[in-house]
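Student: Pasting a structure below so you can have a look.
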There are 2 protein chains.
Amino acid sequence: MSGGDEFTIIRGLMAPLAHHPGARRLADDGAVLSAPSGMDLAVTKDMMVEGVHFLPDDPADLVARKLLRANLSDLAAMGAEPCGYLLGLASDGRRQRPWLEDFAHGLARDQEEYGISLLGGDTVASEGGLLTLSITAFGEVPGGMSFARDMAREGDVVAVTGTIGDAALGLLVRTGALHGLGNAVETRLVSRYRLPQPRVSSGVALRRVVHGAIDISDGLLADAAHLATASRLAIELAVEAIPLSEDVRCAIRRDPALRDRTLTGGDDYELLVTLSPDDVVCALAIAGQSGVPLAVIGRCHRGSGLTLLDGQGEPLEITDTGWRHSVLADGC
Amino acid sequence: MSGGDEFTIIRGLMAPLAHHPGARRLADDGAVLSAPSGMDLAVTKDMMVEGVHFLPDDPADLVARKLLRANLSDLAAMGAEPCGYLLGLASDGRRQRPWLEDFAHGLARDQEEYGISLLGGDTVASEGGLLTLSITAFGEVPGGMSFARDMAREGDVVAVTGTIGDAALGLLVRTGALHGLGNAVETRLVSRYRLPQPRVSSGVALRRVVHGAIDISDGLLADAAHLATASRLAIELAVEAIPLSEDVRCAIRRDPALRDRTLTGGDDYELLVTLSPDDVVCALAIAGQSGVPLAVIGRCHRGSGLTLLDGQGEPLEITDTGWRHSVLADGC
């Protein structure tokens, strides 16, 4: 399957990105991967559509990097070390060379940052259609050491990397719904929205201790509920323990209603993990050393659903847009 | 990333297809694959867009199977035995349950036929967009035994599986441009167009002898030229040796101009392979046993480009739409 000039340009721009020997410099549609003995291969696939997941005037290099990083975040949530990816691109041929060059440049930057290679893919014409992008990413993980959202155990402690809510408030800044925080704060928030920081090193470093894991893309509350449902457990989270950056604290001080948004807004790309209570100190130490802090925020219990506790240990009711006082089982 | 009701339906329909243990019944976005020791993993990705690669009123089960089979054909051209696939689906939410059920049913049928499993994937909303489908397929091949389009060697014999041109004429029947061949012939031709028969068993059976290989999706002439270019060789093909089915012969007898179309029409999903002259008899025997015949149709030489020879060994000029008398180097 091939299209017009745009695809000749794409092929020319993409071939130098395919330095993995299995990619054969894109001579083939496919690629051949040799997993080192004893290693499993983790695979994940994410799609992005123009107008839904990115806007036509978003910088092309950031569109490329955000898609790639969303996939790397999925790999991180499996404890896998990324090695390469396949790229699918359906376009109506309207993209000009500068846009495509920026797109390839974004991929090249992140390939270098994460030590990965383009492995192959497909470009097809989509007459009158929106630009649709698809990435399949591959990572290696020692046999049997990968983790997943259905692997949390009763009695596990729940912890989260980094900080929650920066990206959600960044989106509000970008759309003009949030302002007056000062240029530096607003820039940092927007940048967390535009360019996720997938917790690849954290996932790899925590391999020995993590049981269940999920990356937070839909929002902390939604993804904690996904973790609980997949593992057939109840999860209790303490609102006051959820780690917030100084920027987010600053925004919430000015408008306390923003706190809900931090828990439901999504695009955090942090890791939500569960651990045996015996391993918590070890995990906190490992995370501290890796430069991305880990914060304990809750516990897994027998039962089902997600419960949020306030500063007095009282349950809060979870709603679509946040929470209020009272309990709700399996709320998301 | 998730959408509305359509995606709830899709999830419900797809989960039973994910029987591979690494897929964890789609609990996760990704999957974990353990390649048996000494095996390489072959990967390939193909996309299909509504209105370009299939029509809105094409039967949904055939849309699913054609996409899956196009990917299996890529794996066959690497000598890989398929094991599973990831499915990406970008839709504007207009698809009704019966269409989605038929789509899932098509996948289920081919999963059984080829012994593969759904491993995971992504479904996203594409507001106002066309239905865009993406499959990443995985196959296993003994370490170092995969082949590719850049692996033909000087002096190799060129051979092709099955018959050429049935699908191209099937498309003409379907669009009404070709008729009067009788119901049985027309039905067989259309069926070759609608439902490719990827040569998975041939690819696996011929592993020990094949050097270079490509699957024929763009047309015999175009893909032979791709093989020549990727391997930095010249390829000579004898027009009279190209295997045609009785149905295609019947159509060409009525209209000799259709012969060009058989060589350029595409969608054959046969394998074009190169072999050492010493291995030809062995390869023909293996193919005969597998039920899909192999026909020797040409040779690889030092140089570049594709040459087509007529019944007298005289070169024919290759054009976009076929060939005429005279030579053209690197014609496609």
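Student: Given the criteria surrounded by fewer than 19 Cβ atoms within 10 Å (Cβ to Cβ), farther than 17 Å from B:Arg188 by Cα, among the hydroxyl-bearing types (Ser, Thr, Tyr) and at pLDDT 95 or above, does B:Ser276 qualify?
Tutor: Yes.
Student: When the stretch A:94-108 is examined, which residues are found to be surrounded by 14 or more Cβ atoms within 10 Å (Cβ to Cβ) and either farther than 16 Å from A:Ser134 by Cα or not small (Gly, Ala, Ser) (or both)? I'd like the intermediate steps shown before the answer.
Tutor: Initially, the stretch A:94-108 is screened for residues surrounded by 14 or more Cβ atoms within 10 Å (Cβ to Cβ), giving A:95, A:99-108.
Matches in the stretch A:94-108: A:Arg95, A:Trp99, A:Leu100, A:Glu101, A:Asp102, A:Phe103, A:His105, A:Leu107, A:Ala108.
Student: Determine if the stretch A:46-66 includes at least one residue that is part of a loop (DSSP other than H, G, I, E, B), in contact with a strand residue (DSSP E or B) (Cβ under 6 Å, 6 or more places away or on another chain) and within 12 Å of chain B (Cβ to nearest Cβ).
Tutor: Among the residues of the stretch A:46-66, at least one is part of a loop (DSSP other than H, G, I, E, B), in contact with a strand residue (DSSP E or B) (Cβ under 6 Å, 6 or more places away or on another chain) and within 12 Å of chain B (Cβ to nearest Cβ), which makes the answer yes.
Student: Across the stretch B:103-145, what is the number of residues that are in contact (Cβ under 8 Å) with a residue 24 or more places away in the chain, acidic (Asp, Glu) and closer than 30 Å to B:Leu41 by Cα?
Tutor: 3
Student: Next up: Test B:Ala168 against the criterion of being at pLDDT 95 or above and either in contact with a Lys or Arg (Cβ under 6 Å, 6 or more places away or on another chain) or under 16 Å from B:Asp74 (Cβ atoms) (or both), and give yes or no.
Tutor: Considered against the rule, which asks whether it is at pLDDT 95 or above and either in contact with a Lys or Arg (Cβ under 6 Å, 6 or more places away or on another chain) or under 16 Å from B:Asp74 (Cβ atoms) (or both), B:Ala168 comes out as yes.
Student: I would also like to ask the following. Go through A:Glu186, A:Glu154 for me and flag whichever is of a type in the set (Asp, Glu) and without any contact (Cβ under 8 Å) to a residue 40 or more places away in the chain.
Tutor: It is A:Glu186.
Student: Ok, one more. Could you tell me which residue of the stretch B:67-93 is surrounded by the most Cβ atoms within 10 Å (Cβ to Cβ), considering only residues that are out of contact with any strand residue (DSSP E or B) (no Cβ under 6 Å at 6 or more places or on another chain) and among the charged types (D, E, K, R)?
Tutor: Ranking the candidates gives B:Arg69 first.
Student: Something else: Restricting to the stretch B:132-163, name every residue that is within 14 Å of another protein chain (Cβ to nearest Cβ), crowded, with 24+ Cβ neighbours inside 10 Å and in a loop (DSSP other than H, G, I, E, B).
Tutor: At the first step, the residues of the stretch B:132-163 found to be within 14 Å of another protein chain (Cβ to nearest Cβ) are B:132-152.
From what is left, the residues that are crowded, with 24+ Cβ neighbours inside 10 Å are B:132-139, B:146-149, B:152.
Across the stretch B:132-163, the qualifying residues are B:Ser146, B:Phe147, B:Arg149, B:Ala152.
Student: Can I ask one more? Being charged (D, E, K, R) and surrounded by fewer than 21 Cβ atoms within 10 Å (Cβ to Cβ) is the filter; apply it to the stretch A:111-131 and report the residue that is modelled with the lowest pLDDT.
Tutor: A:Glu127
Student: Please verify whether the stretch B:40-47 includes one or more residues that are on the phi > 0 side of the Ramachandran plot and more than 14 Å from the chain's Cα centre (by Cα).
Tutor: The answer is no; no qualifying residue exists.
Student: Still on this structure: Here are some conditions: (1) surrounded by 23 or more Cβ atoms within 10 Å (Cβ to Cβ); (2) without any contact (Cβ under 8 Å) to a residue 40 or more places away in the chain. A:Tyr269 meets all but one. Which one does it not meet?
Tutor: Tallying (1) surrounded by 23 or more Cβ atoms within 10 Å (Cβ to Cβ); (2) without any contact (Cβ under 8 Å) to a residue 40 or more places away in the chain, A:Tyr269 fails exactly one: (2).
Student: Then there's this: Taking the criterion of being part of a helix (DSSP H, G or I), at pLDDT 95 or above, within 8 Å of another protein chain (Cβ to nearest Cβ) and within 17 Å of the chain's Cα centre (by Cα), would at least one residue in the stretch A:76-86 satisfy it?
Tutor: no
Student: Among the numbered criteria (1) out of contact with any helix residue (DSSP H, G or I) (no Cβ under 8 Å at 6 or more places or on another chain); (2) at pLDDT 95 or above; (3) more than 26 Å from A:Gln197 (Cα to Cα), which one does A:Gln312 miss?
Tutor: (2)
Student: Scan the stretch A:233-251 residue by residue and report those that are surrounded by 15 or more Cβ atoms within 10 Å (Cβ to Cβ) and within 19 Å of A:Asn183 (Cβ to Cβ).
Tutor: Across the stretch A:233-251, the qualifying residues are A:Ser245, A:Asp247, A:Val248, A:Cys250, A:Ala251.
Student: Would you check if A:Glu127 is closer than 30 Å to A:Ala23 by Cβ and part of a helix (DSSP H, G or I)? Steps first, please.
Tutor: Details: closer than 30 Å to A:Ala23 by Cβ: yes; part of a helix (DSSP H, G or I): no.
The answer is no for A:Glu127.
Student: Okay, next question. On the basis of being out of contact with any helix residue (DSSP H, G or I) (no Cβ under 6 Å at 6 or more places or on another chain), buried (at least 17 other Cβ atoms within 10 Å of the Cβ), modelled with pLDDT of 95 or more and small (Gly, Ala, Ser), does A:Gly303 make the cut?
Tutor: No, not satisfied.
Condition check ((1) within 13 Å of chain B (Cβ to nearest Cβ); (2) modelled with pLDDT of 85 or more; (3) assigned to a loop (DSSP other than H, G, I, E, B)) across all residues:
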residue: A:Gly22; (1), (2), (3): yes, no, no
residue: A:Arg25; (1), (2), (3): yes, no, no
residue: A:Val32; (1), (2), (3): yes, yes, no
residue: A:Pro36; (1), (2), (3): yes, no, yes
residue: A:Thr44; (1), (2), (3): yes, yes, no
residue: A:Ser73; (1), (2), (3): yes, yes, no
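Student: Right, here's the next one. If you take just the helices (runs of 4 or more DSSP H) that sit entirely in the stretch A:179-289, which of them hold at least 3 residues that are within 14 Å of another protein chain (Cβ to nearest Cβ) and within 25 Å of A:Gly155 (Cα to Cα)? Can you show your working first?
Tutor: Values: elements: A:183-194, A:200-205, A:220-231, A:246-254, A:258-264.
So the answer is A:220-231.
Student: Which count do you get for residues in the stretch B:260-273 that are modelled with pLDDT under 95 and either of a type in the set (Gly, Ala, Ser) or touching a Lys or Arg at 6+ places or on another chain (Cβ under 6 Å) (or both)?
Tutor: Of the residues in the stretch B:260-273, 2 are modelled with pLDDT under 95 and either of a type in the set (Gly, Ala, Ser) or touching a Lys or Arg at 6+ places or on another chain (Cβ under 6 Å) (or both).
Student: Which one is modelled with the highest pLDDT among residues in the stretch B:171-199 that are of a type in the set (Lys, Arg) and buried (at least 24 other Cβ atoms within 10 Å of the Cβ)?
Tutor: B:Arg199
Student: Here's a check for you: in the stretch B:1-20, which residue that is over 22 Å from A:Ser231 (Cβ atoms) and at pLDDT 80 or above is farthest from the other protein chains (Cβ to nearest Cβ)?
Tutor: Among those that are over 22 Å from A:Ser231 (Cβ atoms) and at pLDDT 80 or above, it is B:Leu13.
Student: With the condition kept exactly as written, say whether any residue in the stretch B:159-180 is over 19 Å from the mean Cα position of the chain (by Cα) and under 22 Å from B:Gln289 (Cα atoms).
Tutor: no
The values are calculated or read from the model by the stated rules, or taken from the named source; none is laboratory data. No experiment lies behind these values; they were computed from the predicted model shown. Reconstructed Cβ throughout: ideal geometry from the backbone, glycine too, with neighbour counts over all protein chains shown.
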